[in-house]
Ligand SMILES: NC(=O)c1ccc[n+]([C@@H]2O[C@H](COP(=O)([O-])OP(=O)(O)OC[C@H]3O[C@@H](n4cnc5c(N)ncnc54)[C@H](OP(=O)(O)O)[C@@H]3O)[C@@H](O)[C@H]2O)c1
């Protein structure tokens, strides 16, 4: 039985990945900031699959409690094999850009807390010479755009951090998986007009599950986003800055 911690486990995407690990009978330690939502997630999973699930309420912004959280997870699970970091917020770009305090808060949620959690996981896995850290970044981190550069820059910071972390721990048999979804139809994007490019959370959740099992370095989900972002990254800056993206 593998031991898996999911931070941001009430996220629509992470729930789908959790279900697949539950189907395999793995022991789950689910973390999010609202215990009643976590209980609903657990009950839904246990109605479908027979497995063991423990819950823990934590706010990603409580940086000083991250170490304690890992100790609790390791003690409860009796070790740790996989960590999925999935929490996040999508700020309103035009409102947030007017307020540096809000920008810092968004960076703390979407970048700094993620870096802290991933570092603690890496230090633990490096010592045991095995483990997998998967983090949901975003295609938004591949290029800064006027419509969402605060969120995009935070995700870009995560992506670059994970790239370096992967380099560091590769020789210890630890895998670091960067997940880059495009647009996904979840509560986070409920206010946005939908287009055919929107993926379903269960498809993205399945992609994350597969990437974690294979220890893939970078997974664009769905896969066609790799091509889209390759083209977007190739547009010269002089042209890009005039585009309304
Ligand atoms: N949806 C997309 O189009 C898309 C695209 C690319 C990447 N992503 C990334 O995918 C991940 C999952 O997002 P989702 O689409 O599944 O959205 P979601 O359903 O809104 O999930 C986000 C989760 O993060 C939790 N969270 C927010 N702030 C937190 C904090 N300070 N501490 C602990 N938990 C916190 C939320 O809890 P509450 O609900 O209680 O606030 C929620 O459970 C995020 O990292 C997101 O950036 C999403």
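The values are calculated or read from the model by the stated rules, or taken from the named source; none is laboratory data. This one's a predicted model, so the numbers in the text were calculated from it and none came from an experiment. Here Cβ is always computed from backbone atoms with ideal geometry, including for glycine, and neighbour counts include all displayed protein chains.
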- prompt: Any residue at all in region 125-147 that is farther than 25 Å from residue 15 by Cα, in contact (Cβ under 8 Å) with a residue 40 or more places away in the chain, in a helix (DSSP H, G or I) and touching a helix residue (DSSP H, G or I) at 6+ places or on another chain (Cβ under 7 Å)?
  reply: yes
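For region 34-56, how many residues meet the condition of being assigned to a loop (DSSP other than H, G, I, E, B) and either under 19 Å from residue 73 (Cβ atoms) or touching a residue at least 60 places away in the same chain (Cβ under 8 Å) (or both)? Don't jump to the end; show me each part of the working.
So in region 34-56, the residues assigned to a loop (DSSP other than H, G, I, E, B) come out as 34, 49-52.
Those still in the list that are either under 19 Å from residue 73 (Cβ atoms) or touching a residue at least 60 places away in the same chain (Cβ under 8 Å) (or both) too: 34, 51-52.
Matching residues across region 34-56 total 3.
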task: Would you confirm whether any residue within region 57-70 is assigned to a strand (DSSP E or B) and within 12 Å of the ligand (Cβ to nearest atom)?
output: yes
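I'd like the full set of residues that are closer than 23 Å to residue 121 by Cα and either modelled with pLDDT under 95 or surrounded by fewer than 18 Cβ atoms within 10 Å (Cβ to Cβ) (or both), limited to region 43-54.
As a first pass, look at region 43-54 and keep what is closer than 23 Å to residue 121 by Cα: 52-54.
Listed by number, the residues that qualify are 52, 54.
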- prompt: What are the pairs, 6+ residues apart or on separate chains, where a residue within region 169-183 that is closer than 12 Å to residue 136 by Cα and without any contact (Cβ under 8 Å) to a residue 24 or more places away in the chain has its Cβ under 8 Å from a residue that is within 16 Å of the ligand (Cβ to nearest atom) and assigned to a strand (DSSP E or B)?
  reply: none
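Yes or no, residue by residue, for (1) more than 9 Å from the ligand (Cβ to nearest atom); (2) surrounded by fewer than 22 Cβ atoms within 10 Å (Cβ to Cβ):
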| residue | (1), (2) |
| --- | --- |
| 107 | yes, yes |
| 127 | yes, yes |
| 133 | yes, no |
| 136 | no, no |
- prompt: Can you spot a residue in region 161-180 that is within 13 Å of the ligand (Cβ to nearest atom) and within 22 Å of residue 236 (Cα to Cα)?
  reply: no
- request: Return only the number of the condition from (1) away from the ligand (no atom under 14 Å from the Cβ); (2) within 15 Å of the chain's Cα centre (by Cα); (3) in contact (Cβ under 8 Å) with a residue 12 or more places away in the chain that residue 232 does not satisfy.
  value: (2)
message: Looking at region 22-35, can you tell me whether even one residue there is within 14 Å of the ligand (Cβ to nearest atom), surrounded by fewer than 20 Cβ atoms within 10 Å (Cβ to Cβ), under 30 Å from residue 144 (Cα atoms) and under 16 Å from the mean Cα position of the chain (by Cα)?
response: yes
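In region 111-124, is there at least one residue being free of Cβ contacts under 8 Å to residues at least 40 places away in the same chain and over 18 Å from residue 64 (Cβ atoms)? I'd like the intermediate steps shown before the answer.
The initial filter retains those residues of region 111-124 that are free of Cβ contacts under 8 Å to residues at least 40 places away in the same chain, namely 123.
Of the ones still in play, those that are also over 18 Å from residue 64 (Cβ atoms) are none.
Looking through region 111-124, none of the residues is free of Cβ contacts under 8 Å to residues at least 40 places away in the same chain and over 18 Å from residue 64 (Cβ atoms).
Quick grid of which residues meet (1) part of a strand (DSSP E or B); (2) at pLDDT 95 or above; (3) more than 13 Å from residue 17 (Cβ to Cβ):
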| residue | (1), (2), (3) |
| --- | --- |
| 177 | yes, yes, no |
| 204 | no, yes, no |
| 207 | no, yes, no |
| 211 | no, yes, no |
| 220 | yes, yes, yes |
| 227 | no, yes, yes |
| 230 | no, yes, yes |
task: Can you run down the residue pairs with Cβ atoms below 6 Å, 6 or more apart or on separate chains, where the first is in region 68-96 and in contact (Cβ under 8 Å) with a residue 12 or more places away in the chain and the partner is assigned to a loop (DSSP other than H, G, I, E, B) and away from the ligand (no atom under 15 Å from the Cβ)?
output: 74/80; 81/2
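Quick check, is residue 10 within 13 Å of the ligand (Cβ to nearest atom), part of a loop (DSSP other than H, G, I, E, B), surrounded by 13 or more Cβ atoms within 10 Å (Cβ to Cβ) and under 17 Å from the mean Cα position of the chain (by Cα)?
Values: within 13 Å of the ligand (Cβ to nearest atom): yes; part of a loop (DSSP other than H, G, I, E, B): yes; surrounded by 13 or more Cβ atoms within 10 Å (Cβ to Cβ): yes; under 17 Å from the mean Cα position of the chain (by Cα): yes.
Answer is yes for this residue.
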- prompt: Quick one: in region 71-86, which of the residues that are touching a helix residue (DSSP H, G or I) at 6+ places or on another chain (Cβ under 7 Å) and part of a loop (DSSP other than H, G, I, E, B) is surrounded by the most Cβ atoms within 10 Å (Cβ to Cβ)?
  reply: 86
